[in-house]
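The values are calculated or read from the model by the stated rules, or taken from the named source; none is laboratory data. In this text, all values refer to a predicted model and were calculated from it rather than measured experimentally. Every residue, glycine among them, receives a Cβ derived from its backbone with ideal geometry; neighbour counts consider all protein chains shown.
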Amino acid sequence: MFTTRELQDEILRLKKENDICILAHAYQSQDILEVADYVGDSYGLSLEAAKAPQSTILMCGVRFMAETVKLLSPDKKTILSHPQAGCPMAEQIDLEMLRAMKEQYPDYTVVAYINTTSELKARCDVCVTSSSAVKIVKNIENKNILFIPDCNLGAWVAEQVPEKNIKLVHGGCPTHAKMTVRDVEAAKKLHPAAELLVHPECVPEVAKLADYIGSTTGIMDYARNSSASEFIIGTENSIVQHLQFECPDKRFYPLSKGCVCMNMKLTTLGEVYNCVRGIGGEEIVLSGEVMTKARKCIDMMLKLG
Ligand code: 13P
Ligand code: SF4
């Protein structure tokens, strides 16, 4: 039996021996972040995926993130840290629904949040992440935008890019949608001096009350650099733990106890250990057609972002 520290040392040894790069989304647990080569938000992970020199990339996160890695590094072996780690939002729109929407809005540019399947991306014009969406939508030539599937992120973008005509669909993150105005009122009553930092996947009523709205990396950077000493965090609760760990002189409170992504939590340090010794996770395999077409959507994101 290993202690956490011993298991981490084994993972570090094996990843080097087996030429593996470990990418971890910021919603992973602290013990996993400590063995990762890179930790970040969805946009940062996409940039790192294209740059990693190792022959294998282990993505500690959810399936669409591992698929993005594969699209950006087609010649590399890409492993998703847990086969069941999906994102419910990524499954909300299927190909048939998208086909019907495109028929209804034929002259619209289809903007897909990166939290979508590769099959769907293959039929969209450009991808965005929470940290790049505003800039990319501003840079699209067409005035008419169909934004899928997160209506909360889409509404936040629409507010900042009023010159565009943005159609939204009814979709979003069930984890972030759990946070309510009531939660904000209760948290502010308990911590009146705290700043409220939220993710744009939150419902607009909650986002409207925030001092800062941004991606996971954006929230972490804001809290690190702010002169305030207390923060209410409106995103997945692992960010509360990471910030408290990194900034012990500041205080961080979850906006809601319920903001826990069970899919992100499926990956444990033990799973990471199994992956680096070749008996865990799932290798991502995508068809040639999906690889070519979905890659265009991601490349457009990198170009416009
Ligand atoms: P970012 O990593 O872009 O902040 O998105 C958060 C999220 O919910 C990822 O699934
Ligand atoms: Fe998907 Fe929400 Fe979990 Fe992110 S936090 S992986 S958007 S369910």
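Against the definition (on the phi < 0 side of the Ramachandran plot, more than 11 Å from ligand 1 (Cβ to nearest atom) and assigned to a helix (DSSP H, G or I)), how does Ala90 come out, yes or no? First the steps, then the outcome.
Values: on the phi < 0 side of the Ramachandran plot: yes; more than 11 Å from ligand 1 (Cβ to nearest atom): no; assigned to a helix (DSSP H, G or I): yes.
For Ala90, the condition - on the phi < 0 side of the Ramachandran plot, more than 11 Å from ligand 1 (Cβ to nearest atom) and assigned to a helix (DSSP H, G or I) - is not met.
Answer with yes or no whether Val62 is farther than 22 Å from Lys178 by Cα and within 16 Å of ligand 1 (Cβ to nearest atom). Give the steps one after another, and end with the answer.
Values: farther than 22 Å from Lys178 by Cα: no; within 16 Å of ligand 1 (Cβ to nearest atom): yes.
Judged against the criteria, Val62 is not a match.
In the range 217-230, which residue that is in a helix (DSSP H, G or I) and surrounded by fewer than 20 Cβ atoms within 10 Å (Cβ to Cβ) is farthest from ligand 2 (Cβ to nearest atom)?
Asn225
Among the residues of the range 275-305 satisfying the criterion of being among the small types (Gly, Ala, Ser) and touching a Ser or Thr at 6+ places or on another chain (Cβ under 8 Å), which is surrounded by the most Cβ atoms within 10 Å (Cβ to Cβ)?
Just the residues of the range 275-305 that are among the small types (Gly, Ala, Ser), to begin with: 278, 280-281, 287-288, 294, 305.
Still in the list and also touching a Ser or Thr at 6+ places or on another chain (Cβ under 8 Å): 280-281, 294, 305.
Working: Gly280: 19, Gly281: 23, Ala294: 27, Gly305: 19.
Within the range 275-305, the match that is surrounded by the most Cβ atoms within 10 Å (Cβ to Cβ) is Ala294.
Name the single residue, out of those in the range 31-54 being part of a helix (DSSP H, G or I) and more than 16 Å from the chain's Cα centre (by Cα), that is farthest from ligand 2 (Cβ to nearest atom). Step through it out loud before you land on a result.
From the range 31-54, those part of a helix (DSSP H, G or I) are 31-33, 42-51; that's our starting set.
Those still in the list that are more than 16 Å from the chain's Cα centre (by Cα) too: 31-32, 50-51.
Numbers: Asp31: 19, Ile32: 15, Ala50: 21, Lys51: 23 Å.
Once the filter is applied, the top-ranked residue is Lys51.
So that you can scan it fast, the table gives a plain yes or no per residue for (1) more than 16 Å from ligand 1 (Cβ to nearest atom); (2) surrounded by fewer than 20 Cβ atoms within 10 Å (Cβ to Cβ):
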position: Ser215; (1), (2): no, no
position: Ser256; (1), (2): no, no
position: Lys265; (1), (2): no, yes
position: Val272; (1), (2): yes, no
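Restricting to the range 44-59, and then to whatever is at pLDDT below 95 and within 16 Å of ligand 1 (Cβ to nearest atom), can you tell me which residue is surrounded by the most Cβ atoms within 10 Å (Cβ to Cβ)?
Only one residue tops the list, namely Leu45.
Among residues belonging to the range 60-76 that are within 16 Å of ligand 2 (Cβ to nearest atom) and part of a helix (DSSP H, G or I), point out the one that is surrounded by the most Cβ atoms within 10 Å (Cβ to Cβ). Give the steps one after another, and end with the answer.
Step one: list which residues in the range 60-76 are within 16 Å of ligand 2 (Cβ to nearest atom), which gives 60-69.
After this cut, where a residue has to be part of a helix (DSSP H, G or I) as well, the list is 63-69.
Working: Arg63: 22, Phe64: 25, Met65: 25, Ala66: 27, Glu67: 27, Thr68: 30, Val69: 27.
This residue is Thr68.
If Ile57 satisfies all but one of (1) within 18 Å of Met264 (Cα to Cα); (2) hydrophobic (A, V, I, L, M, F, W, C); (3) assigned to a helix (DSSP H, G or I), what's the number of the condition it fails?
All conditions pass for Ile57, except number (3).
Which one is nearest to Cys297 (Cα to Cα), of the residues in the range 104-122 that are in contact with a Lys or Arg (Cβ under 7 Å, 6 or more places away or on another chain) and away from ligand 2 (no atom under 16 Å from the Cβ)? Walk me through it before giving the result.
Narrowing the range 104-122 to residues in contact with a Lys or Arg (Cβ under 7 Å, 6 or more places away or on another chain): 105, 108, 110, 112, 122.
Still in the running and away from ligand 2 (no atom under 16 Å from the Cβ): 105, 108, 110, 122.
Working: Tyr105: 19, Tyr108: 15, Val110: 10, Ala122: 7 Å.
Filtering the range 104-122 for residues that are in contact with a Lys or Arg (Cβ under 7 Å, 6 or more places away or on another chain) and away from ligand 2 (no atom under 16 Å from the Cβ), the one nearest to Cys297 (Cα to Cα) comes out as Ala122.
Could you grab me the full set of residues in the range 9-28 that are surrounded by fewer than 18 Cβ atoms within 10 Å (Cβ to Cβ) and more than 11 Å from Val272 (Cα to Cα)? So that I can check it myself, show each step before the final result.
Within the range 9-28, the subset surrounded by fewer than 18 Cβ atoms within 10 Å (Cβ to Cβ) is 9-10, 12-14, 16-19.
Once the filter is applied, which keeps residues that are surrounded by fewer than 18 Cβ atoms within 10 Å (Cβ to Cβ) and more than 11 Å from Val272 (Cα to Cα), the range 9-28 yields Asp9, Arg13, Lys16, Glu17, Asn18, Asp19.
Evaluate the following for Ile213: is it within 16 Å of ligand 2 (Cβ to nearest atom), farther than 20 Å from Ile32 by Cβ and touching a strand residue (DSSP E or B) at 6+ places or on another chain (Cβ under 9 Å)? Write out each step before concluding.
Values: within 16 Å of ligand 2 (Cβ to nearest atom): yes; farther than 20 Å from Ile32 by Cβ: yes; touching a strand residue (DSSP E or B) at 6+ places or on another chain (Cβ under 9 Å): yes.
So Ile213 passes the test.
Could you check how many residues of the range 164-195 are more than 16 Å from ligand 1 (Cβ to nearest atom), in contact with a helix residue (DSSP H, G or I) (Cβ under 8 Å, 6 or more places away or on another chain), under 27 Å from Asn144 (Cβ atoms) and touching a residue at least 24 places away in the same chain (Cβ under 8 Å)?
Adding up the residues that qualify gives 3.
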